[in-house]
C-alpha cells in the first residue's frame with residue numbers, strides 16, 4: 001500500500017483502479033445503508049460518493065458489505081489443506097480467517113507450525129494464526145508433540161500471528177500453573193483466546209485476570225452475557241458438531257442491547273457442510289432468521305471481529321480499509337452476488353500454489369502391536385459411561401448398573417469405545433462405554449481425535465475394532481468403517497492423519513459417502529458420526545472423556561478408576 005497513491009486516488013487526481021457504481025453500502029460504524037459509488041486503488045477503498053475508474057461495475061440495487069471474518073476456526077477440521085480451504089471460504093464471502101492450528105501442532109509440533117505459516121504466506125485469504133497454547137491440551141494424554149512458551153515465542157513476531165490460541169487449560173490459569181503463566185506472559189501484548197466452558201463467578205473472574213479476552217464455548221445466552229460483562233468477547237459458534245448460535249442469538253434479540261463484543265465463528269466445520277451452507281454467511285443468515293437486525297448481524301461478522309483482534313485495516317467498507325467486499329442481492333437471504341478480495345473479484349484470483357509439508361506430517365501413524373486383550377473392560381458393579389448429547393460436544397457422565405449396561409449393549413444404545421496412542425507406538429490405550437452413538441454393527445474408527453489425535457474406535461465387537469485400527473495404520477490416518485472383518489469404506493487423511501490432499505471436488509463426495517454409510521449403519525442422525533466421535537477424547541470439555549490413559553472426569557479434573 002502506497003499512501004500517496006491512495007490519497008491522490010481519493011481526490012481523483014489519479015483514476016481509481018475500480019469503481020463499484022450505485023451501491024447500497026452498509027456502514028458498520030453508523031448502522032446506516034447509504035447510496036454511493038465505491039472507489040478502489042491499490043487494493044484499498046479510497047472513496048465513497050461519486051467516482052469514475054479504470055474499471056466500472058454497476059451494482060445497482062445490490063448491497064455491498066465488508067468481507068466476512070471467521071473469528072475462530074481450525075482449518076484442519078475441514079480435512080483439506082489450507083489452499084483448498086481458502087477457496088471455499090472465499091466463495092462464501094469470508095475474506096479473513098483467524099485459525100488456531102493446534103490440531104496439526106499436536107501431531108507435528110514446531111515443524112507443523114512452520115508448514116502452516118508458509119501456507120499462510122501463499123493464501124489468497126487474510127490468513128491469521130493464533131499460536132496453539134495447549135499442545136497437548138492437558139497432561140492426561142499423549143500427543144505427537146509438546147509446545148512450551150520457549151517454542152511458541154519463536155513465532156511471536158511472524159506477521160500472520162495475532163496472539164495465543166484458545167487457552168484450554170483454564171484450570172491451569174486459575175491455579176497459577178507456572179507453565180501456563182509463562183505462555184500468557186510471553187503473549188501479553190497480543191490477543192489471548194479463551195476456552196472456558198461453563199466457567200462462572202470467581203473462577204471466570206480469575207480466568208479474565210489472566211488476560212483472556214475471547215471465548216467461543218458459551219452454550220447459552222446467560223453464559224455468554226456473563227463473559228461479556230467480565231470483559232471477554234464472545235465468539236458465537238455454529239459448526240458441524242457444536243451449534244450454539246440459536247440459543248445465544250435468541251437471547252441477544254430478547255436482550256435488545258448492543259452487540260459490540262460479539263463476533264461469529266465456526267470452530268470445526270466439515271468441508272461438505274461449508275460447500276452446502278457457507279461459514280460466516282450461514283451464521284449471518286441464521287441470525288437474521290432468528291430476529292437479529294441484518295446490520296447488527298453484518299457488524300458481528302465484520303467490524304466486531306476486526307476490532308476484537310486489532311485488525312485496523314479490515315472489517316468496513318470505508319476509506320483506508322482493505323477492499324475486501326461482498327456484493328449481496330439482499331440483506332435477508334444473504335445471497336452472494338460477487339466477492340472481492342483486495343479489490344479483485346475472487347473469480348479472477350490466480351490459483352493457490354500447492355502447499356508443501358514435512359515428512360513428519362506425511363507419516364504420522366505409529367501404533368504398537370495390539371495385545372489380545374486390548375479392548376477388554378473389567379467387570380464392575382457400576383460403570384462410568386460417556387453419554388452423548390445431540391447437537392453438542394459436551395457429554396453426560398452416566399453411572400449405570402451392570403444390568404443397565406447389558407441392556408444397552410443388547411439394544412444397541414451402548415457401544416464400546418477405545419483410544420489408542422498413535423504417535424510414538426507407546427502401547428498406551430484405554431477402553432470404556434459410550435451411550436447414544438447408535439451403531440448397529442461393526443466398528444467406526446478415526447485418527448481425528450481432538451486434540452492429541454490418537455486413534456478412536458467404536459464398535460460392537462472387538463474383531464471389527466481391531467480391523468479398524470489396522471486399516472487406519474494402513475491408510476496413514478483418516479476415517480474408516482468396518483463390518484464382519486471387512487473394510488466397508490475408508491477416507492484417507494494422510495497429512496497428519498487429519499487432512500486430505502484431494503481437491504474440494506474430489507474430497508466432498510468421498511466425505512459425504514462415508515458419512516452416509518455411517519448413518520446407514522444406524523448412527524444417530526442428530527450427531528455427526530465422525531466429528532462427534534472426535535470430541536470424545538478432548539479432556540477439557542465437560543463432563544467425561546476418554547484419552548489413551550483412561551476415562552477422565554473433566555469437572556473433577558482427574559481420571560476415573562473402576
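Let's see how each residue does on (1) assigned to a helix (DSSP H, G or I); (2) more than 20 Å from residue 222 (Cα to Cα); (3) within 20 Å of the chain's Cα centre (by Cα):
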position: 249; (1), (2), (3): yes, no, yes
position: 254; (1), (2), (3): yes, no, no
position: 258; (1), (2), (3): no, no, no
position: 263; (1), (2), (3): no, no, yes
position: 272; (1), (2), (3): yes, yes, yes
position: 281; (1), (2), (3): yes, yes, yes
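Among the residues of the range 418-435, not a single one is free of Cβ contacts under 8 Å to residues at least 24 places away in the same chain, not assigned by TED's automatic domain parsing to the domain that holds residue 141 and not in a strand (DSSP E or B). Of everything in the range 528-557, what is crowded, with 23+ Cβ neighbours inside 10 Å, more than 22 Å from residue 102 (Cβ to Cβ) and either touching a helix residue (DSSP H, G or I) at 6+ places or on another chain (Cβ under 7 Å) or modelled with pLDDT under 90 (or both)? Give them in sequence order. Hit for the range 528-557 is 529, nothing else. Based on this model, can you work out whether residue 113 counts as modelled with pLDDT of 95 or more, touching a strand residue (DSSP E or B) at 6+ places or on another chain (Cβ under 9 Å) and within 30 Å of residue 561 (Cα to Cα)? So residue 113 fails the test. Among the residues of the range 461-500, those that are in contact (Cβ under 8 Å) with a residue 40 or more places away in the chain, assigned to a loop (DSSP other than H, G, I, E, B) and in contact with a helix residue (DSSP H, G or I) (Cβ under 8 Å, 6 or more places away or on another chain) comprise 476, 484, 494, 496, 497, 498.
If you check 153, 107, 135, 129 for being in a strand (DSSP E or B) and under 30 Å from residue 89 (Cα atoms), only one passes: 129. Screening 404, 379, 372 for residues that are assigned to a loop (DSSP other than H, G, I, E, B), without any contact (Cβ under 8 Å) to a residue 40 or more places away in the chain, out of contact with any helix residue (DSSP H, G or I) (no Cβ under 9 Å at 6 or more places or on another chain) and not assigned by TED's automatic domain parsing to the domain that holds residue 220 leaves exactly one candidate, 372. None of 92, 102, 156, 160 is in contact with a helix residue (DSSP H, G or I) (Cβ under 9 Å, 6 or more places away or on another chain), surrounded by 24 or more Cβ atoms within 10 Å (Cβ to Cβ) and under 30 Å from residue 303 (Cα atoms) except 102.
So which residues in the range 346-362 are in a loop (DSSP other than H, G, I, E, B) and either in contact with a helix residue (DSSP H, G or I) (Cβ under 8 Å, 6 or more places away or on another chain) or in the same structural domain as residue 121 (by TED's automatic domain parsing) (or both)? Selection gives 349, 352, 353, 354, 355, 356, 357, 358. Select from the range 386-401 the residues that are buried (at least 19 other Cβ atoms within 10 Å of the Cβ) and over 15 Å from residue 535 (Cα atoms) and list them in ascending order. Those that are buried (at least 19 other Cβ atoms within 10 Å of the Cβ) and over 15 Å from residue 535 (Cα atoms): 398, 400.
In this entry, residue 509 passes the filter for residues that are out of contact with any helix residue (DSSP H, G or I) (no Cβ under 6 Å at 6 or more places or on another chain), more than 23 Å from residue 375 (Cα to Cα) and free of Cβ contacts under 8 Å to residues at least 40 places away in the same chain.
For residue 227, the requirement of being in a helix (DSSP H, G or I) and buried (at least 22 other Cβ atoms within 10 Å of the Cβ) is met.
Within the span defined as the range 187-202, every residue fails to be assigned to a helix (DSSP H, G or I), free of Cβ contacts under 8 Å to residues at least 40 places away in the same chain and touching a helix residue (DSSP H, G or I) at 6+ places or on another chain (Cβ under 8 Å).
Across the range 517-527, the qualifying residues are those that are over 17 Å from residue 242 (Cα atoms) and touching a residue at least 60 places away in the same chain (Cβ under 8 Å), and the one among them that is surrounded by the fewest Cβ atoms within 10 Å (Cβ to Cβ) is 522. Looking at the range 491-512, is at least one residue under 30 Å from residue 139 (Cβ atoms) and surrounded by fewer than 19 Cβ atoms within 10 Å (Cβ to Cβ)? Scanning the range 491-512 turns up no residue that is under 30 Å from residue 139 (Cβ atoms) and surrounded by fewer than 19 Cβ atoms within 10 Å (Cβ to Cβ).
Taking the criterion of being assigned to a loop (DSSP other than H, G, I, E, B) and in contact with a strand residue (DSSP E or B) (Cβ under 6 Å, 6 or more places away or on another chain), the only residue of the range 156-172 that qualifies is 160.
Checked against (1) surrounded by 19 or more Cβ atoms within 10 Å (Cβ to Cβ); (2) in contact (Cβ under 8 Å) with a residue 24 or more places away in the chain; (3) in contact with a helix residue (DSSP H, G or I) (Cβ under 6 Å, 6 or more places away or on another chain), residue 214 passes all but condition (3). Residues in the range 544-560 that are in a loop (DSSP other than H, G, I, E, B) and either out of contact with any strand residue (DSSP E or B) (no Cβ under 7 Å at 6 or more places or on another chain) or under 11 Å from residue 384 (Cα atoms) (or both): 555, 556, 557, 560. Of all residues in the range 110-126, those satisfying the criterion of being in contact with a helix residue (DSSP H, G or I) (Cβ under 8 Å, 6 or more places away or on another chain) and assigned to a helix (DSSP H, G or I) are 110, 111, 112, 113, 115, 116, 117, 119, 120.
The values are calculated or read from the model by the stated rules, or taken from the named source; none is laboratory data. Predicted model, so just to flag it, every value in this text is computed and none were measured. Note: ideal-geometry Cβ built from the backbone for every residue, glycine included; neighbour counts use all protein chains shown.
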